[in-house]
1. So which helices of the chain fit the span-like rule, where a helix is a whole DSSP H run, its Cα atoms reach 27 Å or more along the axis, and its mean Kyte-Doolittle is at least 0.0?
2. Using only helices, what value at 222 nm comes out for the chain when you add -39,500 (n - 2.57) per DSSP H run of length 4 or more and divide by the total residues, to the nearest 500 deg cm²/dmol?
3. Order the peptides 160-168, 18-26 from the highest to the lowest mean number of other Cβ atoms within 10 Å of their residues.
4. Please tell me which of these pairs span more than 19 angstrom C-alpha to C-alpha: Lys55/Lys181; Lys24/Lys55; Lys71/Lys181; Lys49/Lys71; Lys24/Lys71?
5. If we count every other residue with Cβ under 12 angstrom of Arg167's Cβ, Lys/Arg +1 and Asp/Glu -1, where does the sum land?
6. Extension gain Val115-Ile5, at 0.36 nm per residue separation less the Cα-Cα distance, in nm?
7. With only alpha-carbon pairs counted, each pair once and no self-pairs, how large is the Kirkwood hydrodynamic radius of segment 45-186 in angstroms?
8. Would you list Ile28, Ile155 from fewest to most Cβ contacts within 10 Å?
Amino acid sequence: MIPIIACSAIALAIIIERIWALRKQNIIPRHLVAQVWHWEKNNQLNDEKVNEMRKESPLGRVLAAGIVNRKNDREIMKESIEETGRHVVHEMERFLNSLGTIAAITPLLGLLGTVIGMIQVFTDLTTHGAGDVNSLAGGISQALITTAAGLLVAIPSLMFYRYFRGRIDELVVVMEQEAIKLIEVMHGQRSQSNDEESK
């Protein structure tokens, strides 16, 4: 039971931390691309604003990688966004492997506890005989408690693991859309300015 209780405490801590960390407004601030476009249009997009944006949110980090390379070709800008995006997604998935491992091992720990308990019950049977049925039933019920406890920890852990995986996938799709908007805005503006210069 001690390892199962420890796993339940760790799983609860991970779930609370990930619920807090994966809030949409925390990952993807609203109107960030529009704000960047406004700064670029008014020639206010400087290193200070880019550094501030990088620190504020994961989407800010992704967009900042593109902004730093905005004077380069579209492909270079896109590659820098994708590379930073991979790091951001890795950070968003932090502790999820641990939560998945807890969901997988706690039923096995419960089963192990039940098997050990049943071995003790049958050892007592061979030593003292089957005279007291109540003590035998009590020993079996105690052995089965570990399996129930393991399942009680594993089921919510697995549910939250799946939920967080889906949540991260959803956030990544939105971040990709925002990054594409940034590339279109920056390179669309550059191509317009180049056309005006050629005229």
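Every number here is computed from the coordinates shown, using simple stated rules; none is lab data. Computed from a prediction, not measured in an experiment: that's the story for all the values here. Positions of Cβ are generated from backbone atoms using ideal geometry, with glycine treated the same way; all protein chains shown enter the neighbour counts.
1. 2-21, 96-128, 133-198
2. -30500 deg cm²/dmol
3. Most protected by this proxy first, the peptides run 160-168, 18-26.
4. Exceeds cut-off: Lys55/Lys181; Lys24/Lys71.
5. Result for the local shell: +2.
6. The Val115-Ile5 span can extend by a further 37.8 nm.
7. About 19.2 Å, per the Kirkwood formula over Cα pairs.
8. Least to most surrounded, the residues fall as Ile155, Ile28.
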